[in-house]
Amino acid sequence: MKKRLLILEDGSIFEGTAFGSNEASLGETVFTTGMTGYQETISNPSSCGQIIVMTYPLIGNYGINRDDYESIELPINGVVVRELEDEPSNFRSGMTLCELLTMKGIPGIQGIDTRKLTRLLREKGSLKGMLTAASEEIDGTTAIEQLRSLQLPTNLVAQVSTKKPYPSPGRGERVVLIDYGMKNGLLRELNNRGCDVIVVPYDTSAQAILSLFPDGIVLSNGPGNPEHVEVAVETIQQLLGKAPIFGIGLGHQLFALALGARTFKMKNGHFGGNHPVKDLRTGRTELTAQCHGYAVDEASLEGTPLTITHKALNDGSIEGLESTEYNAFSVQFHPEASPGPEDANHLFDQFVTVMKKSSRKEQSHA
């Protein structure tokens, strides 16, 4: 067993044993509260650049399978667990978590007090962190100074967005999906409803998108600060009113910025599959999957055409917006789940209904 350190910018040092890659890595250290779904979590493009702390103590117990990837490549910079299971027991398992991380060149650390680490991150917020190379002796003081001066990458979306457009054919409504770091589950839910989807890069122009004659436009989830994706905000502004729009995750934040609202970095983001959200229109509370460190500033909505539709019950942050003027709506959480729960899956049906009504309205005017 090789020794590895997790060093945080506040001066905290956790010693454990290495698994996965032997290389060192740097990233934003956050904790996720899901009891299951580690494969979806580490393959979610919204987690790009993060060192993810798993709060559930035993990770890897059902292995890695071929079905539960949310992207082909793993966008994360590290994994932190209390105990790693290296002999998984599940009929779908094809390899261990350690084998996957080794193959993808991602370091992990086990055997540390993740409860203590989670409480630290809860009190101080997300922190820049370093996973040292396996068995490498390192000067902790120098590493901490390096972390404090480290500037994390700003345009993470460019790292995870598709480079070229591609189709995912169907016989239903034509949907242009702008990929800011799309999860596979999002595309699956649209295809399950028969949608004819064309996925385009994050910096595709509004003119190019409209040339595809969309019945609707989806703004996907993705990583990082929405204010760093200025080209996306400008494009969305040009698309408003041209077709129904559905924003998810980062797409929700970009939609809000396009209509004059502001966003802010949360002290503790929402990461996990157990966040309660209330639909203010129906009074229904749904458990949701979430992965974001930024949120829309409620005070900035005054004077915009945006109405709040959903709120988080844990901290009161905005979880959903709507603009009837532009026939558009968005949610901060992941209605496609992956991992679950799937309480909010009906929002895809709502979007399809909106597209059909809009299409019939245009036909009647013609």
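We did not get these values from a lab; they are worked out from the coordinates using the rules stated. Please read all numbers here as calculations on a predicted model, not as lab measurements. Please note: Cβ atoms are built from the backbone with ideal geometry, for glycine as well, and neighbour counts cover all protein chains shown.
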Original post:
What does the charge add up to near Thr324, with Lys and Arg as +1, Asp and Glu as -1, over the other residues with Cβ less than 15 Å from its Cβ?
Top reply: +1
**OP:** With only Lys, Arg, Asp and Glu charged, each at its Cβ (+1 for the first two, -1 for the last two), find how big the charge dipole of region 3-149 is about the Cα centre; round to the nearest 20 debye.
**Re:** 340
Original post:
Once both labels are modelled 7 Å past Cα along the beta-carbon direction, what's the Thr154-Lys124 spacing in nm?
Top reply: 2.6
**OP:** Given the peptides 57-65, 243-251, arrange them by the average over their residues of other C-beta atoms within 10 Å, most packed first.
**Re:** 243-251, 57-65
**OP:** Could you pull out every residue, at least 5 positions away or on a different chain, whose amide H is within less than 5 Å of the one on Tyr294? Hs are placed 1.01 Å off N in the peptide plane, and Pro or chain starts have none.
**Re:** Met266
Original post:
Taking a ≥ b ≥ c as the square roots of the eigenvalues of the Cα gyration tensor of region 220-366, is the shape rounded (a/c under 1.5), prolate (a/b larger than b/c) or oblate?
Top reply: oblate
Subject >> Share antiparallel - DSSP beta bridges, region 3-149, percent rounded to 5 >> reply: 60
Original post:
Can you give me the Cα centroid spacing of region 208-258 and region 1-50 in angstrom?
Top reply: 31
Original post:
Taking +1 at the Cβ of each Lys and Arg and -1 at the Cβ of each Asp and Glu, which of Ile209, Gln50, Gln290 sits farthest along the dipole of the chain towards its positive end, judged by Cα position relative to the Cα centre?
Top reply: Ile209
**OP:** Once you have the Cα-Cα distance between Gln146 and Ala208, take 0.36 nm times their residue separation minus that, and quote the gain in nm to one decimal.
**Re:** 18.0 nm
**OP:** Using amide H atoms built 1.01 Å from N in the peptide plane, name the residues 5+ places from Asp196, or on other chains, whose amide H lies under 5 Å from its own.
**Re:** Gly170, Gly172, Glu173, Arg174, Val175
**OP:** Among Thr288, Thr132, Thr324, determine the one that fluctuates most according to a GNM of the chain built with springs between C-alpha atoms less than 10 Å apart.
**Re:** Thr324
Original post:
Once amide H atoms are placed 1.01 Å from N in the peptide plane, what residues at a sequence separation of 5 or more from Leu127, or on another chain, have their amide H within under 5 Å of its amide H?
Top reply: Thr29
**OP:** Give Lys116/Lys267; Lys242/Lys361; Lys278/Lys357; Lys104/Lys265; Lys128/Lys267; Lys2/Lys104 a once-over and call out the pairs whose C-alpha atoms are over 21 Å from each other.
**Re:** Lys278/Lys357; Lys104/Lys265
Original post:
Between Ser135 and Asp10, what FRET efficiency follows from the Cβ-Cβ distance if R0 is 35 Å, with the result rounded to 0.05?
Top reply: 0.90
**OP:** Please give the calculated 222 nm ellipticity per residue for the chain, where each DSSP H segment of at least 4 residues contributes -39500 (n - 2.57) and the sum is spread over every residue; nearest 500 deg cm²/dmol?
**Re:** -7000 deg cm²/dmol
Subject >> DSSP beta bridge pairing in the chain, given as percent antiparallel to the nearest 5 >> reply: 60
Original post:
What does the charge dipole of region 157-365 about its Cα centre add up to, to the nearest 20 debye, if the Cβ of each Lys and Arg holds +1 and the Cβ of each Asp and Glu holds -1?
Top reply: 400
Original post:
What is the order of Thr96, Thr154, fewest Cβ neighbours within 10 Å to most?
Top reply: Thr154, Thr96
